[in-house]
Amino acid sequence: MSQLSKRKAGHIEAVLSGQVNAKAVDTGFDRVRFEHCALPELDLQDIDLSVEFLGKRLRRPFLISSMTGGHPDAVGINAVLAEAAQTLGIALGVGSQRVALSGGGFQGTDRSLRRIAPDVALYGNVGAAQLREYCPNRMQRAVDMIDADALIVHLNPLQEALQANGDTRWNGLLSRLEQVCIQLPVPVIVKEVGFGISATVATRLVECGVSAVDVAGAGGTSWSAVEGWLSDDFQRVEIAEMYRDWGIPTATALRQIRAVLPDLPLIGSGGIRHGLDAARALRLGAHLVGQAGPLLKAAIDGIEPLLAHFAALEQGLRLACFATGSSNLISLRKATLLEED
């Protein structure tokens, strides 16, 4: 197994350890309170949770966020995730395709996912740091190898800076991203990995042609803590712990981006714990809600625990719609809030 594949495997071990979440920062969702509707005039089971995102209709507004790719264990995990996505009619983002693009084998990021999930919104995934070494044609290969509906480009400068031999050359990447947006025939989604995207950065991304943004805010898994967990360098561990709680809380990122980019397709991820958090994210401007860490733990045990997780997530969201008198997600986005700060 290559060093890159070993690191990808280590990331999964770190997340499963339960020791790499943020500590002193939270998502901000607990400070978002809906006004209760005591007379909803709705049948709970008739509430419509479907949504259209980047031209594809989803039965539920959920995204299985990118988390596994580039190592042998990803094959089985991604197969379970793809089966769940197909069953539920939700979106699926694969983990990094860097290993596959570098000739290290597909390892969970090939067309078998499309065969398992022929109808889902399936998103490829490469790191922004790879824009320097990969031309747009290589990005097209990332799309083609899984027959993707869109390509996610993830931003992780702080994570790279905390890695031994991480890529810290981030100058000039915006223009390269613009070329990818121009040349790819599918939409480009840009996401963080858990430190959040500001309104200023989101505006620059839209100006260069990005179709959607996943805020991936602070309050859930801390990728600073992940890198510290994996390191055997005491100084690096100490610095990683210093930045465990760095970032823009998810609720703050959603609110700020939506205020300046009212029509931008948004994904809310980063510390989504349950269906009420999902409802809060949707009310603050997200069109889809993403989860990664909690799904990884469920998927390791197979399809049934994963489907049970999503059933609970859906029920929590459906109850929020019911208790605010919202017959669908369009109505939920207009639901009255008691406070947002």
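A single member of Val99, Val94, Val75 is among the β-branched types (Val, Ile, Thr) and at pLDDT 90 or above, and it is Val94. Scanning segment 251-273 for residues that are buried (at least 18 other Cβ atoms within 10 Å of the Cβ) and in a loop (DSSP other than H, G, I, E, B) turns up Leu264, Pro265, Gly270, Gly271, Ile272. Collect the residues in segment 118-142 that are surrounded by fewer than 22 Cβ atoms within 10 Å (Cβ to Cβ), at pLDDT 90 or above and assigned to a loop (DSSP other than H, G, I, E, B), keeping them in residue-number order. Scanning segment 118-142 gives Pro118, Asp119. For segment 301-312, the condition of being under 20 Å from Val15 (Cα atoms) and in contact with a Gly (Cβ under 7 Å, 6 or more places away or on another chain) holds for none of the residues.
So, in segment 42-81, exactly how many residues are touching a strand residue (DSSP E or B) at 6+ places or on another chain (Cβ under 9 Å), in contact (Cβ under 8 Å) with a residue 40 or more places away in the chain and part of a helix (DSSP H, G or I)? Matching residues across segment 42-81 total 1. Kindly indicate whether any position in segment 242-259 is more than 20 Å from the chain's Cα centre (by Cα) and over 20 Å from Thr203 (Cα atoms). There is at least one residue in segment 242-259 that is more than 20 Å from the chain's Cα centre (by Cα) and over 20 Å from Thr203 (Cα atoms). With respect to the conditions (1) crowded, with 17+ Cβ neighbours inside 10 Å; (2) assigned to a loop (DSSP other than H, G, I, E, B), Leu39 lacks only one, and its number is (1). The residues on offer are Glu241, Glu304, Glu314, and the sole one that is of a type outside the set (Gly, Ala, Ser) and free of Cβ contacts under 8 Å to residues at least 12 places away in the same chain is Glu304. For segment 281-317: of the residues being surrounded by fewer than 21 Cβ atoms within 10 Å (Cβ to Cβ), assigned to a helix (DSSP H, G or I) and among the charged types (D, E, K, R), which is modelled with the lowest pLDDT? Filtering segment 281-317 for residues that are surrounded by fewer than 21 Cβ atoms within 10 Å (Cβ to Cβ), assigned to a helix (DSSP H, G or I) and among the charged types (D, E, K, R), the one modelled with the lowest pLDDT comes out as Lys297.
The single condition among (1) over 19 Å from Asn156 (Cβ atoms); (2) without any contact (Cβ under 8 Å) to a residue 40 or more places away in the chain; (3) not aliphatic (A, V, I, L, M) that Gly275 does not meet is (2).
The values are calculated or read from the model by the stated rules, or taken from the named source; none is laboratory data. These figures come from a predicted structure and were not determined experimentally. With ideal geometry, Cβ positions are generated from the backbone for all residues, glycine too; neighbour counts draw on all protein chains shown.
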